Amino acid sequence: MKEVISALFDFDGVVMDTESQYTHFWQQIGEDYGFLHLESQVKGQTLTYIYQTFFAGKESAQREITERLNRFEQQMQFLPVPGVESFIHSLRSHGIATAVVTSSNAQKMAAVYQAHPEVKAWFDRIFTAEQFAASKPDPDCYLLGMRTFGSTPEHTYVFEDSVNGLKAGLASGARVIGLATTFPRETVAQLCHRVIDDFQTFTLDAMLRV
C-alpha cells in the first residue's frame with residue numbers, strides 16, 4: 001500500500017504575506033491596553049488563546065478587540081507569498097495531500113475567500129481555529145491534519161513561519177520547512193529542518209529531500 005504524503009501549510013506568512021499587517025494591528029492593541037511587545041507574543045496563536053492569556057475576564061475589551069479585528073481583516077491586503085500557488089499545484093499534481101492549518105478563525109478565512117476565491121481550490125482541506133483543541137505550539141492542529149489524510153509524521157511536511165507554529169510542527173514529528181517571512185532566518189533555522197525565503201525556487205524534489 002502506497003504511503004500517503006501530506007503537506008500542511010500555516011496560512012499567514014506562509015501562503016499569504018500578511019504578518020506585517022497583523023504585527024501593526026497587535027502592536028496598536030498592545031499600546032492601547034498596556035502590553036509591551038504584544039505583537040510578538042501572539043504570532044501563530046488563536047484568538048481564544050490570546051483572550052485567555054492576556055484578556056481573561058475582560059469581556060468588554062474582548063468584544064472591542066473582536067470588532068476591531070473583524071473590521072481590520074475585511075480591509076486587509078492578501079498577497080500570496082511568491083511562488084506559493086505554482087508550488088502547491090505541483091504538489092497536488094503529484095498526488096500530495098495538501099491542507100491549510102491556520103490559527104485564524106472561519107470568519108477571517110471568509111474574508112480571504114472574498115478577496116481570493118481561488119484559494120479554496122488550492123487545497124484538499126482547510127482547517128481553522130474552531131477545529132483545534134489546543135493552540136500552537138501544541139501540535140494538535142498538525143496531528144489533526146495527519147489523521148485526516150492518514151499520513152504518518154515521517155511522510156508529513158509542515159510549512160510554518162512563526163516560532164509557535166514551528167514548535168508545533170516539530171512536536172508533531174513532521175519534517176518542518178520554515179519560511180523567513182516573519183522572523184529572521186537565524187531564529188527560524190533553530191526550529192526547523194530547512195529554511196526558505198519563499199517558494200520561487202523550492203521544488204517538490206527539494207521538499208522530499210528535507
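Within region 139-162, can one find any residue that is of a type in the set (Ser, Thr, Tyr), part of a loop (DSSP other than H, G, I, E, B) and under 20 Å from Leu204 (Cα atoms)?
Filtering region 139-162 down to residues of a type in the set (Ser, Thr, Tyr) leaves 142, 148, 151-152, 156-157, 162.
Within this subset, residues satisfying the condition of being part of a loop (DSSP other than H, G, I, E, B) are 151-152, 162.
Still in the running and under 20 Å from Leu204 (Cα atoms): 151-152.
Scanning region 139-162 turns up at least one residue that is of a type in the set (Ser, Thr, Tyr), part of a loop (DSSP other than H, G, I, E, B) and under 20 Å from Leu204 (Cα atoms).
Residues that are β-branched (Val, Ile, Thr), more than 23 Å from Asp197 (Cα to Cα) and surrounded by 21 or more Cβ atoms within 10 Å (Cβ to Cβ) within region 65-100 comprise just one, Ile65. Flag: Leu166 matches the condition of being assigned by TED's automatic domain parsing to the domain that holds Asp198, assigned to a helix (DSSP H, G or I), in contact with a helix residue (DSSP H, G or I) (Cβ under 9 Å, 6 or more places away or on another chain) and at pLDDT 95 or above.
Across region 175-195, the qualifying residues are those that are more than 15 Å from the chain's Cα centre (by Cα) and under 20 Å from Phe87 (Cβ atoms), and the one among them that is modelled with the lowest pLDDT is Arg185.
For region 31-52, a tally of residues being within 21 Å of Tyr142 (Cβ to Cβ), part of a loop (DSSP other than H, G, I, E, B) and not hydrophobic (A, V, I, L, M, F, W, C) returns 4. Please determine, by comparing only the residues of region 171-208 that are more than 25 Å from Arg92 (Cβ to Cβ) and touching a residue at least 24 places away in the same chain (Cβ under 8 Å), which one is surrounded by the fewest Cβ atoms within 10 Å (Cβ to Cβ). Only one residue fits best here, namely Thr187.
Residues checked against (1) over 18 Å from Leu166 (Cβ atoms); (2) touching a Ser or Thr at 6+ places or on another chain (Cβ under 6 Å):
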site: Ser6; (1), (2): no, yes
site: Trp26; (1), (2): yes, no
site: Asp32; (1), (2): yes, no
site: Thr53; (1), (2): yes, no
site: Ala56; (1), (2): yes, no
site: Glu59; (1), (2): yes, no
site: Arg63; (1), (2): yes, no
site: Arg68; (1), (2): yes, no
site: Leu91; (1), (2): yes, yes
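On the given criteria, is Gln28 within 20 Å of Pro139 (Cβ to Cβ) and either in a helix (DSSP H, G or I) or out of contact with any helix residue (DSSP H, G or I) (no Cβ under 9 Å at 6 or more places or on another chain) (or both)? In short, no.
Of all residues in region 83-100, those being in contact with a helix residue (DSSP H, G or I) (Cβ under 7 Å, 6 or more places away or on another chain) and part of a strand (DSSP E or B) number 3.
When you go through (1) in contact with a helix residue (DSSP H, G or I) (Cβ under 7 Å, 6 or more places away or on another chain); (2) part of a loop (DSSP other than H, G, I, E, B); (3) within 23 Å of Gln75 (Cα to Cα) one by one for Glu130, which number turns out not to apply? Against the list (1) in contact with a helix residue (DSSP H, G or I) (Cβ under 7 Å, 6 or more places away or on another chain); (2) part of a loop (DSSP other than H, G, I, E, B); (3) within 23 Å of Gln75 (Cα to Cα), Glu130 comes up short only on (2).
A Cβ distance below 6 Å, combined with a sequence gap of six or more or placement on separate chains, defines the contacts here; from region 77-92, residues that are in contact (Cβ under 8 Å) with a residue 24 or more places away in the chain reach residues that are assigned to a helix (DSSP H, G or I) and among the small types (Gly, Ala, Ser) in the pairs Phe78/Ala115.
The values are calculated or read from the model by the stated rules, or taken from the named source; none is laboratory data. Please read these numbers as outputs of a predicted model, since none were measured by experiment. Glycine also receives a Cβ, built like all others from the backbone with ideal geometry; neighbour counts cover every protein chain displayed.
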